[in-house]
Amino acid sequence: YELCATNIVNILDLSGIPVWGRERGEADPLILGGGSAVANPEPVADFYDAIIIGEAEEAILEVVEKLLAAKETRASRRELLEELSTLPGLYVPSFFEARYEAGEFKGLFPLKAGYEKIRRRVVPTLDAVPYPYRPPVPWAEIAHDRLALEISRGCTRGCRFCQASSLYRPVRERDIPRLLAMAEEGLSATGWDEVSFLSLSAGDYSCLTELIVSFNRRFLPEKVALSLPSLRVGSLNETIIGEIKKVRKTGFTLAPEAGTERLRQVINKDISEEALFETAKTAFEAGWRHLKLYFMIGLPTETPDDLEGIVRLARRLTRVKGKDGPQVNVSVSTFIPKPHTAFQWERQITLEETRARLSFLRARLSRRKLKFKWHKPEQSFLEGVLSRGDRRLSALIYEAFRRGARLDGWSDEFRFEAWLEAARALGLDLSSYLRERGLDEPLPWEHIDLGVSKGFLLEERERSLAGQTSPDCRFSRCLKCGACDFKEIKNRLAKDCEVPEIKPPVRREEGRFTYRLVYQKRGWARFLSQLEVMRVFHRAVRRAGLPVAFSEGFHPLPKISFARALPVGVESLFEVAAIELVKRLAPEDLKERLNEKLPEGLRVKEVAPSIPEAALLVPEETTYEIELPEPLEEEKVKAFLSRRSFVLTVRRGKKEKEVEIRPYVVSLSLAGPRTLRLVLFEPREGGVRAEEVVAALLGVAPKELPPLRILKLAPQDSEPFKEAFKRPLDEL
Ligand code: SF4
């Protein structure tokens, strides 16, 4: 979104690519943009060669064809851009010129005849375009660590502040059989154990009950959980509740957006307080114990009573079940007028107004069962500036980047001062971007045609100020917003809600079979934490279709345990894990199937049937080979070994503590001028890390150590040790 702007500059800069489109030459790559943040592309226009407006699935293939053709004919960069500009939905910023008079934006003027408006691309049906069934699955944990299944696109509820409403119209739903097939393919390719239904409003999917029932019937036996995002008020019914009770739940989200029914009518979010209350009650009865509420402050026509309304509603919802009601988390952000919405002309409240309204709410929402969270006012201020900004803001973004602004969407990284300094240096008045806009004033995004007409937005604005709501065109008449052509592009709901015949997988369990795995962790895999390694194994086991046993409870996990946690950054030739299967498998088969699905760097080297108690046995002495940044004198090693005690301050979790490290060092020697060989005594609890011994040896604090290459070796003579746990396969 808008606050990612400096990341664009950062990526280009780190890649050694000229940041400004105008400075890129024939040998430089073509920089393409897209996505919802460029509904108003002007603030970032100068960084891009071309931007796809709208849905890119079809357009991106056409761009690739043009690129290939340009390569074939050795076309110049300018010729390629000319060609791209002939594609529908392709915006080439350098073919437009922004004009200003006395510091006022006067419009964008095309530099190429017939290139006045860029009409957004939209796909007629979601099934007509390719879907990423096999998305890349990062090794490390990510924010949305699950398979996202796009059940529908577009929303015609018509919330007047919502840009996505204009950007993704009309509604296009996928049918249930198609969705189940997509889940099947996606899960087996990725190994994820959770699916979330992706949509602007999953609760509006017309066959939601049937979809949830059939999904659970097919995937619950394989311990795949369904994560439901916010459900619309009124979308919970007995069947859905029954199904939801079977899966794990995170918080239940409701987004009233405004505190009173009056203001909700202004924004066209016509939900009564009673309906909100009933939904919260039902959710609570279905097992949700946390309720999240989203509100905005600063909406057009807001009064103090609307702010009081937020407080009244939140407090009332904590009492949906008397004293035992849910924990209610209230999240408040500042309303930002977005381009292409009915509120695009409205003013955004100032920083001071935002702060005052937030402190009003904070004072009243700090009590038992209520948690108040708010969006940083300075971030909202900047988002407001960038949302309705013009092309001059490319320079602002670049200047802020030069002053250290990065990852501005993360409040802990956000450096408002860098932006203020950049604005001062450029002589830009940032507050002026938050002002109300005249209805006839040229707007920087008017050359971008999302399909929804200005006339419709003005009409909606009028209705809003009159407190009138507008219906959802899915269920009533067409409001003539302009998004549909009614031939190809129109609302398309799931054909019928019939559930296909589902044969739930039959899982035959022959017993419990434990195997001991010895694996290596090399190369980039050394940067995975133990928790990440565990997840990688969980996914590999699922992708390999292994008959693994699962733990009990709401979040069943494959039964894989690990002997010891290897510190991040250390490579190892000898790591031990145990896996429990419900069918007997030949060790070689298990090894091969796992290795086929494990990522580079993690390799299973040995598999042996084992009795459960012995599967995780490891020697208590471990040998490490450590590559030092510089040659080390033998004397230092001798001096260390001659000491009977060596106390070092080390970090354990968030705390620092003093540890006597000397007793853990069994032996220490130089295997080369820069190579240390260290044998450590590693008890099950406590102990020290190899790098801590190196720190002691070099006389520095562990955190001051330069990067080291540490390799844990396999026990030299592991045969007798192996005999202790090994068990013939047929005896299992
Ligand atoms: S053109 Fe009519 S049917 Fe299509 S999205 Fe707009 S209001 Fe709805």
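Here are the numbers:
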item: Criterion violated by SER453 - all others in (1) polar (S, T, N, Q); (2) in contact (Cβ under 8 Å) with a residue 12 or more places away in the chain; (3) away from the ligand (no atom under 11 Å from the Cβ) satisfied; result: (3)
item: Candidates GLU446, GLU436, GLU459, GLU441 - the one that is outside any loop (DSSP other than H, G, I, E, B) and not assigned by TED's automatic domain parsing to the domain that holds GLU588; result: GLU459
item: Test result for GLU101, farther than 26 Å from VAL19 by Cβ and in contact (Cβ under 8 Å) with a residue 60 or more places away in the chain; result: no
item: Residue within segment 169-189 that is under 30 Å from LYS454 (Cα atoms), open to solvent by 30 Å² or more (accessible area, probe 1.4 Å) and within 16 Å of the ligand (Cβ to nearest atom) present; result: no
item: Entirely in segment 475-589, the strands (runs of 3 or more DSSP E) that have 2 or more residues that are within 29 Å of GLY686 (Cβ to Cβ) and free of Cβ contacts under 8 Å to residues at least 12 places away in the same chain; result: none
item: Output for segment 2-45, where each listed residue is open to solvent by 30 Å² or more (accessible area, probe 1.4 Å), assigned to a helix (DSSP H, G or I) and closer than 19 Å to ARG120 by Cα; result: SER36, ALA37
item: Test for GLY482: is it open to solvent by less than 70 Å² (accessible area, probe 1.4 Å), more than 12 Å from the ligand (Cβ to nearest atom) and in contact with a helix residue (DSSP H, G or I) (Cβ under 7 Å, 6 or more places away or on another chain); result: no
item: Looking only at segment 687-706, and only at residues there that are open to solvent by less than 40 Å² (accessible area, probe 1.4 Å) and not hydrophobic (A, V, I, L, M, F, W, C), the one that is farthest from ALA563 (Cα to Cα); result: PRO702
item: Residue check for THR239: in contact with a helix residue (DSSP H, G or I) (Cβ under 6 Å, 6 or more places away or on another chain) and within 30 Å of ALA181 (Cβ to Cβ); result: yes
item: Which numbered condition VAL328 fails, given (1) under 30 Å from GLU459 (Cβ atoms); (2) in contact with a helix residue (DSSP H, G or I) (Cβ under 8 Å, 6 or more places away or on another chain); result: (1)
item: Meets criteria (open to solvent by 40 Å² or more (accessible area, probe 1.4 Å) and within 16 Å of the ligand (Cβ to nearest atom)) for CYS473; result: no
item: Single residue of segment 436-450 satisfying the filter (charged (D, E, K, R) and surrounded by 13 or more Cβ atoms within 10 Å (Cβ to Cβ)) that is farthest from the ligand (Cβ to nearest atom); result: GLU441
item: Candidates ARG684, ARG677, ARG709 - the one that is open to solvent by 50 Å² or more (accessible area, probe 1.4 Å) and at pLDDT 95 or above; result: ARG677
item: Some residue of segment 531-545 being in contact with a helix residue (DSSP H, G or I) (Cβ under 8 Å, 6 or more places away or on another chain), among the hydrophobic types (A, V, I, L, M, F, W, C) and either more than 23 Å from ARG146 (Cβ to Cβ) or within 16 Å of the ligand (Cβ to nearest atom) (or both); result: no
item: Segment 146-160 - residue that is in a loop (DSSP other than H, G, I, E, B) and open to solvent by 30 Å² or more (accessible area, probe 1.4 Å) and, of those, nearest to SER188 (Cα to Cα); result: ARG146
item: Meets criteria (surrounded by fewer than 20 Cβ atoms within 10 Å (Cβ to Cβ), aliphatic (A, V, I, L, M) and out of contact with any Pro (no Cβ under 6 Å at 6 or more places or on another chain)) for ILE142; result: yes
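Listed here are the residues, each with its yes/no results for (1) more than 30 Å from ARG435 (Cα to Cα); (2) open to solvent by less than 10 Å² (accessible area, probe 1.4 Å).
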position	(1), (2)
LEU299	no, yes
LEU307	no, no
ARG312	yes, no
ASP324	yes, no
GLN327	yes, no
VAL330	no, yes
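The values are calculated or read from the model by the stated rules, or taken from the named source; none is laboratory data. These numbers come from a predicted model, not from an experiment. Here Cβ is always computed from backbone atoms with ideal geometry, including for glycine, and neighbour counts include all displayed protein chains. What goes into the accessible areas is simple: the full protein's heavy atoms, side chains included, and nothing from ligands, DNA or RNA. Shrake-Rupley method; radii C 1.70, N 1.55, O 1.52, S 1.80 Å.
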